[in-house]
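Remarks on the structure that follows.
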Amino acid sequence: MTRYDLPDFAPDLLAAFATRRAERVHTPVIQPADPFLDMAGEDLRRRIFLTASETGTSLCLRPEFTIPVCLRHIETATGTPKRYAYLGEVFRQRRGGAEEFYQAGIEDLGERDVASADARAIVDAMDLLRVVLPGQAETKTKAHALSLTLGDQAVFEAVVAALGLPVGWQKRLIHAFGDPAHLEALLDRLARPQPVTGLDPEIEALLSADRQDELIARLERRMEETGYSTNASRSPAEIARRLREKRELAETRLDGSALLLLREFLTLRLPLAEASAALAGFADAADLKLGPAIAAFDARLAALANAGADLSAMTYRAAFGRPLDYYTGMVFEIAASGGEVLAGGGRFDRLMTLLGAQSHIPAVGFSLWLDRIEALREAAKEKTGEPA
């Protein structure tokens, strides 16, 4: 296919969406840029094609479908639960491959049975790949064998919280989940704290002595002297609070045993069927209270088993995340035997509210990379001698 053509297997996907009662939706190619810049994460932000309207509104070419589908749901005031399907072009700067390519997927909004919805997303993603990949419709073990890697940000959050770190450090670590280099840099800082430098000596002294009122007064005088308007910036009290937080975070040290526990957790990698027992064993050995997070993990595993999922093709990695900031819980990717990622998704329970929904709407979904699927199909045709 050329980059502008619909894949020839698109009708098969649309039929599969219909059987899953997922309503296909269309969203504009030109999208408001702010939701992606604010919520999608650095990896996607730096790949977006940006432009602006006549009035200066920041716009972009649609870089993915999850945010546009959620915005459309909010704008149309449609009730939940609701399943949406999409199939269309997205536009991203990429190191390899075309910068205009097709994605398809399902967004499942408002299903309160979180475990069942998570399992359905995983099973649907696997089944759709089997529909469109040669050899997959007939068997799970022949050509293009699929493997799934699953992570769970909620479990990571529970571990970090149980270690008793300040909230600011918890937020930093959670934000870095799925980015090994960033996470490792943060762990190094927790092992070897760095003092805050560059502060005015008088302000430093007031911070050290915890003389809050004097600090605020000193900041207020400084702002008046420099003509810094509090109407256009943070108030002296807010600046003082942030300085205290910055100092606290910089001086926080995670003791050696806790740091070892966190690193040990991040090394967990094992078959998904064994993950629940491993997590429970880790929590018991470390004396960490992870009950609710492990219970939710167990419920998802049970739902997957009830849905007939092939757990032998699935791996749990405690450090695995996906490079989109709006994910909040379970995340997964599905790869072919050659290692190429063909599908990915996860849970994004906070996104709908951040985008303007009036009430909490649980959400989970996945996308398929159709250009990569097409490449595998064409390679299979070449091997069998079928016409391309």
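Some observations on this one:
- Selection status of F320, more than 19 Å from R269 (Cβ to Cβ) and at pLDDT 95 or above: no
- Residue within region 65-84 that is closer than 19 Å to G178 by Cβ, buried (at least 17 other Cβ atoms within 10 Å of the Cβ) and under 17 Å from the mean Cα position of the chain (by Cα) present: yes
- Any hit, region 312-321, residues being farther than 30 Å from F36 by Cβ, surrounded by fewer than 15 Cβ atoms within 10 Å (Cβ to Cβ) and not hydroxyl-bearing (S, T, Y): no
- Qualifying residue in region 313-323 (condition: under 30 Å from L183 (Cα atoms), over 21 Å from the mean Cα position of the chain (by Cα) and in contact (Cβ under 8 Å) with a residue 24 or more places away in the chain): yes
- Unmet requirement for I74, which otherwise passes all of (1) farther than 26 Å from L129 by Cβ; (2) in a helix (DSSP H, G or I); (3) in contact with a strand residue (DSSP E or B) (Cβ under 6 Å, 6 or more places away or on another chain): (3)
- Qualifying residue in region 220-233 (condition: modelled with pLDDT of 65 or more, more than 30 Å from G164 (Cα to Cα), open to solvent by less than 30 Å² (accessible area, probe 1.4 Å) and in a helix (DSSP H, G or I)): yes
- Hits in region 311-354 (condition: of a type in the set (S, T, N, Q) and more than 23 Å from E111 (Cα to Cα)): S312, T315, S337
- The one condition in (1) over 22 Å from the mean Cα position of the chain (by Cα); (2) surrounded by fewer than 20 Cβ atoms within 10 Å (Cβ to Cβ); (3) modelled with pLDDT of 95 or more that R269 fails to fulfil: (1)
- Checking S367 against (1) part of a strand (DSSP E or B); (2) among the hydroxyl-bearing types (S, T, Y); (3) within 24 Å of F265 (Cα to Cα), the condition it does not meet: (3)
- Wholly enclosed helices (runs of 4 or more DSSP H) of region 113-213 bearing at least 3 residues closer than 30 Å to P7 by Cα and at pLDDT 90 or above: 114-132
- Matching residues in region 306-324 - criterion: being farther than 18 Å from V364 by Cβ and part of a helix (DSSP H, G or I): L311, S312, A313
- Any hit, region 273-287, residues being more than 23 Å from L165 (Cα to Cα), under 22 Å from the mean Cα position of the chain (by Cα) and of a type outside the set (S, T, N, Q): yes
- Of all residues in region 333-351, those that are touching a residue at least 60 places away in the same chain (Cβ under 8 Å) and over 14 Å from the mean Cα position of the chain (by Cα) total 5.
- Only one of the listed residues (G308, G281) is modelled with pLDDT of 95 or more, of a type outside the set (D, E, K, R) and surrounded by fewer than 14 Cβ atoms within 10 Å (Cβ to Cβ). That residue is G281.
- Subset of region 88-107 that is open to solvent by less than 10 Å² (accessible area, probe 1.4 Å) and in contact with a helix residue (DSSP H, G or I) (Cβ under 7 Å, 6 or more places away or on another chain) - its residue that is farthest from G345 (Cα to Cα): F101
- In region 30-47, the qualifying residues are those that are hydrophobic (A, V, I, L, M, F, W, C) and open to solvent by 40 Å² or more (accessible area, probe 1.4 Å), and the one that is farthest from the chain's Cα centre (by Cα) is I30.
- Complete set of residues in region 338-348 that are assigned to a loop (DSSP other than H, G, I, E, B) and open to solvent by less than 30 Å² (accessible area, probe 1.4 Å): F348
- Among (1) surrounded by fewer than 17 Cβ atoms within 10 Å (Cβ to Cβ); (2) out of contact with any Cys (no Cβ under 6 Å at 6 or more places or on another chain) - the single one L50 does not satisfy: (2)
- Selection within region 284-297 - open to solvent by 60 Å² or more (accessible area, probe 1.4 Å) and either in a loop (DSSP other than H, G, I, E, B) or touching a Gly at 6+ places or on another chain (Cβ under 9 Å) (or both): D287, K289
- Residues located in region 1-29, provided they are among the aromatic types (F, W, Y), part of a loop (DSSP other than H, G, I, E, B) and surrounded by 12 or more Cβ atoms within 10 Å (Cβ to Cβ): F9
The values are calculated or read from the model by the stated rules, or taken from the named source; none is laboratory data. What you see is a predicted model; the values in this text were computed from it and never measured. FYI the Cβ positions are ideal-geometry reconstructions off the backbone, even for glycines, and counts take in every protein chain you see. The protein model used for the area step is the full one, side chains on, heavy atoms only, and it has no ligands, DNA or RNA in it. Shrake-Rupley method; radii C 1.70, N 1.55, O 1.52, S 1.80 Å.
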